[in-house]
Amino acid sequence: MPHYRCVGDVPRKRHSQFRDDAGCLYTEELVGERGFFHESSLLYHRHLPNLLVSAESIDLPALTSGALPNLPLVPRKLQTHALPVGSDAVTGRQTILCNDDIRISYAAADRVSPLLRDARGDELVFVEEGAANVETVYGVLNVVQGDYVLIPMGCIHRWVPGAAPLRLLIVEASGHIGLPDRYLSPRGQLLEHAPYSERDLRGPSGPLHVDEGETDVLVRHRDGVTRHVFARHPFDVVGWDGCVYPFAFSIYDFEPIVKRFHAPPPVHETFTGPGFVVCSLCPRPVDFDATSVPAPYAHSAIDCDEVMFFLSGNYTIRAGLDIGQGSMTFHPAGFVHGPHPGGAEASLAKSHHEEYAMMIDTFRPLSLGAVAAACTDADYHTSWLRAAHGVDS
């Protein structure tokens, strides 16, 4: 969980009378996880946040598109920049991979999104390119390239891109996304061996103080999408405190852990979710024993699918394969994967790993999303053989 924050105006005691200048009571909203047995935040609204004017179900494939069979079972390379630019960060989501625990989508947004409440789970959004203001019921997050943005379940928010198109990789979870337990003290403080600290987590600025009338909110829930129309805008909060709120963390602030010999993926773990983990691969010294092989060995994760999304840098073990910013590789369980021919040998000459990449490991098989075929390199699965025979990749 993120650490406790207090933003805006709140009374000295929780659940006590708190009035505006005209003497009217502010309305409390307690946001609590797991039936209020875990973290919570207390928000103070100018108006009742549950004045529902109307509700209608809507068909919005960007938030509901399902799975296609992963057939044939092969490793895949996907180029997200082959997908169309346009729309917004909510209705413009294009599903690439998914299972019952997670949906991985891509958006190239150039306009303001509608308000969204994800009632299915937390969202973790990685900013590949561009900048945006993420306006939320808790305040504003200013985010830029390299930021992970964690939006807690139920948090009403919208994306407001800057001047340039905003490229996002979006992870929609079926539950809560948090920090790995092994980095935390029994009471939730990040420990000294963790690859980041509380100082690296950026919370929202002060409340937005929006005081408007009827407002639409899209709600993604387990049965589909519903459009709610509320009598008052949800961003009428004057203050809040607690441990549930959106926050940002930059991949550039991740502190890599290195060893004398190759360190496996858990040293890169950054977030954990239901049925998956998210890791950050960042520039770091190579393994420093004189006999070490810095490239990862061929490996068979027998109950884990692996997705890599590349931000920048040169990934030695995939040299010559047109893997750059926005590229994604998908190596499913049931396939042994590792360096391309020559990758292990080439790594011996390196003093540093150079890439910035996000890795997602899922513990249930991923299926293909609706746009996977449109951005897949059809020949990737034969690239190991072609490289071994000296054929251009």
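The values are calculated or read from the model by the stated rules, or taken from the named source; none is laboratory data. On a predicted model such as this, the values are computed, not experimentally measured, just so you know. Note that each Cβ is placed from the backbone with ideal geometry, even for glycine, and that neighbours are counted across all protein chains shown. Each accessible area value is taken on the protein alone, full model and side chains, heavy atoms only, with ligands, DNA and RNA left out. Shrake-Rupley method; radii C 1.70, N 1.55, O 1.52, S 1.80 Å.
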Could you check R227 against (1) over 30 Å from L25 (Cα atoms); (2) surrounded by 15 or more Cβ atoms within 10 Å (Cβ to Cβ); (3) out of contact with any Phe, Trp or Tyr (no Cβ under 6 Å at 6 or more places or on another chain) and say which number it fails?
-> (1)
Scan the range 29-80 for residues that are touching a Lys or Arg at 6+ places or on another chain (Cβ under 8 Å) and either without any contact (Cβ under 8 Å) to a residue 24 or more places away in the chain or under 30 Å from W384 (Cα atoms) (or both) and jot them down.
-> T80
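Here is a yes/no grid of residues against (1) at pLDDT 95 or above; (2) in a loop (DSSP other than H, G, I, E, B); (3) not hydrophobic (A, V, I, L, M, F, W, C):
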residue	(1), (2), (3)
H15	yes, yes, yes
A22	yes, yes, no
H38	no, yes, yes
L42	yes, no, no
S54	yes, no, yes
G66	no, yes, yes
When T291 is evaluated against the numbered criteria (1) β-branched (V, I, T); (2) in contact (Cβ under 8 Å) with a residue 60 or more places away in the chain; (3) over 24 Å from T80 (Cα atoms), which criterion, by number, is the only one it fails?
-> (2)
Pick from the range 275-288 the residues that are part of a loop (DSSP other than H, G, I, E, B) and touching a His at 6+ places or on another chain (Cβ under 7 Å): which of them is surrounded by the fewest Cβ atoms within 10 Å (Cβ to Cβ)?
-> P283
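Out of the range 340-358, which residues are closer than 30 Å to G92 by Cα and either open to solvent by less than 10 Å² (accessible area, probe 1.4 Å) or at pLDDT below 90 (or both)?
Keep residues of the range 340-358 that are closer than 30 Å to G92 by Cα, which gives 355-358.
The answer is E355, A357, M358.
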Residues of the range 1-56 being touching a Cys at 6+ places or on another chain (Cβ under 9 Å) and aromatic (F, W, Y), in sequence order, are Y4
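When only residues in the range 1-24 that are hydrophobic (A, V, I, L, M, F, W, C) and either in contact with a Ser or Thr (Cβ under 7 Å, 6 or more places away or on another chain) or more than 19 Å from G213 (Cα to Cα) (or both) count, which is least open to solvent (accessible area, probe 1.4 Å)? Break it down into steps so the answer makes sense when it comes.
Pass one, the range 1-24, residues hydrophobic (A, V, I, L, M, F, W, C): 1, 6-7, 10, 18, 22, 24.
Subsequent filtering for residues that are either in contact with a Ser or Thr (Cβ under 7 Å, 6 or more places away or on another chain) or more than 19 Å from G213 (Cα to Cα) (or both) retains 1, 6-7, 10, 18, 22.
Working: M1: 75, C6: 71, V7: 13, V10: 45, F18: 37, A22: 88 Å².
Out of the qualifying residues, it is V7.
Among the residues in the range 65-77, are any closer than 30 Å to S383 by Cα, open to solvent by 80 Å² or more (accessible area, probe 1.4 Å) and in contact with a strand residue (DSSP E or B) (Cβ under 6 Å, 6 or more places away or on another chain)? Working first, answer last.
Step one: list which residues in the range 65-77 are closer than 30 Å to S383 by Cα, which gives 66-77.
Next, from what is left, pick out any that are open to solvent by 80 Å² or more (accessible area, probe 1.4 Å): 68-69, 71-73.
Imposing the further condition that a residue be in contact with a strand residue (DSSP E or B) (Cβ under 6 Å, 6 or more places away or on another chain) reduces the set to 68.
Yes, the conditions are met somewhere in the range 65-77.
Quick check on this structure: which one of T291, T270 is more than 28 Å from G175 (Cβ to Cβ) and either open to solvent by 30 Å² or more (accessible area, probe 1.4 Å) or part of a strand (DSSP E or B) (or both)? Steps first, answer last, please.
Numbers: T270 fails: more than 28 Å from G175 (Cβ to Cβ).
That would be T291, the only listed residue that is more than 28 Å from G175 (Cβ to Cβ) and either open to solvent by 30 Å² or more (accessible area, probe 1.4 Å) or part of a strand (DSSP E or B) (or both).
May I ask you to list the residues in the range 29-40 that are surrounded by 17 or more Cβ atoms within 10 Å (Cβ to Cβ), within 25 Å of G213 (Cα to Cα) and not β-branched (V, I, T)?
Of the range 29-40, the ones surrounded by 17 or more Cβ atoms within 10 Å (Cβ to Cβ) are 29, 31, 33, 39.
Subsequent filtering for residues that are within 25 Å of G213 (Cα to Cα) retains 29, 31.
Passing the criteria: only E29.
What are the residues in the range 229-254 that are within 29 Å of E128 (Cα to Cα) and in a strand (DSSP E or B), if any?
To start, the set of residues in the range 229-254 that are within 29 Å of E128 (Cα to Cα) comprises 234-235, 243-254.
Selection gives F247, A248, F249, S250.
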Breaking point among (1) among the hydroxyl-bearing types (S, T, Y); (2) open to solvent by less than 40 Å² (accessible area, probe 1.4 Å); (3) at pLDDT below 85; (4) within 28 Å of D101 (Cα to Cα), for Y380 = (3)
Note on the range 246-267: residues open to solvent by 50 Å² or more (accessible area, probe 1.4 Å) and among the hydroxyl-bearing types (S, T, Y) are Y252
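Restricting to strands (runs of 3 or more DSSP E) lying wholly in the range 107-155: which have 3 or more residues that are more than 27 Å from E212 (Cα to Cα)?
Numbers: elements: 116-118, 123-129, 132-136, 139-143, 147-151.
Here the list reads 123-129.
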The range 322-334, subset within 17 Å of H353 (Cβ to Cβ) and either surrounded by 16 or more Cβ atoms within 10 Å (Cβ to Cβ) or basic (K, R) (or both), residue modelled with the lowest pLDDT | I323
